Amino acid sequence: QVQLVESGGGLVQAGGSMRLSCAASGRTFSSYAMGWFRQAPGKEREFVAGINWSGNIIRYSNSVKGRFTISRDNAKSTQYLQMNSLKPEDTAVYYCAAGINVDSVVAGGIDYWGKGTLVTVSS
């Protein structure tokens, strides 16, 4: 069992930056690929970014590529999402996720979910 807890959400103006963190506890963090998903009001949850156990394979959705950066620190059992050049359409609840490998995470094959943190980008 893995518990995932997100932090770092809040309100930011368009063009600004924000960093989300996801702290993991339970089974070995480094055993899992990690990812971030988001769900905007009235929309389905969508993949944002994924990273493999060692951090050398990274995937992004087209909508965030070049603006968001995913990273992880296995020693701290924590993953991060650095979000730059934020847009109002980035407003959503952001979820931390863990899966067996990065391709599985990208496809939505998630073993564990966090409860989410709200990011609101004002125009």
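Under the classification rounded if a/c is under 1.5, otherwise prolate if a/b is larger than b/c and oblate if not, where does segment 26-72 fall, given a ≥ b ≥ c as square roots of the Cα gyration tensor eigenvalues? Let's see the in-between values first.
Numbers: a/c = 3.23, a/b = 1.50, b/c = 2.16.
Oblate shape, in that a/c is at least 1.5 and b/c is the bigger or equal ratio.
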Springs between alpha-carbon pairs under 10 angstrom, Gaussian network model over the chain: which of L81, L11, L20 fluctuates most? L11
Plugging the Kirkwood radius over Cα pairs into Stokes-Einstein for the chain, at a temperature of 25 °C and a viscosity of 0.890 mPa s, what D comes out in µm²/s? 175
Report, to the nearest whole %, how much of the accessible area of the chain belongs to carbon and sulfur atoms, 1.4 Å probe, protein only. 48
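Can you pull out the trypsin sites (Lys or Arg not before Pro) in segment 17-123 that DSSP calls coil and that have at most 16 other Cβ atoms within 10 Å?
Details: sites: R19, R27, R38, K43, R45, R59, K65, R67, R72, K76, K115; in loops: R27, K43, R45, K65, R67, K115.
Answer in residue order: R27, K43, K65, R67, K115.
Would you please name the GluC sites (Glu not before Pro) within segment 1-84 that are DSSP coil residues with at most 13 other C-beta atoms within 10 Å of their C-beta? Write down the numbers at each step before the final one.
Numbers: sites: E6, E44, E46; in loops: E44.
Sparse-neighbourhood loop GluC sites (Glu not before Pro): E44.
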Compute, for the chain, the length of the dipole vector about the Cα centre, with Cβ point charges of +1 (Lys, Arg) and -1 (Asp, Glu) only. Units Debye, rounded to 20. 140
Put +1 on the Cβ of each Lys and Arg and -1 on the Cβ of each Asp and Glu in the chain; which of G50, S85, V5 then has its Cα farthest toward the positive end of the dipole? S85
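The values are calculated or read from the model by the stated rules, or taken from the named source; none is laboratory data. These figures come from a predicted structure and were not determined experimentally. Don't worry about glycine lacking a Cβ; one is built from the backbone with ideal geometry, like all the others, and counts go over all protein chains shown. With ligands, DNA and RNA removed, areas are computed over all heavy atoms of the protein, side chains included. Shrake-Rupley method; radii C 1.70, N 1.55, O 1.52, S 1.80 Å.
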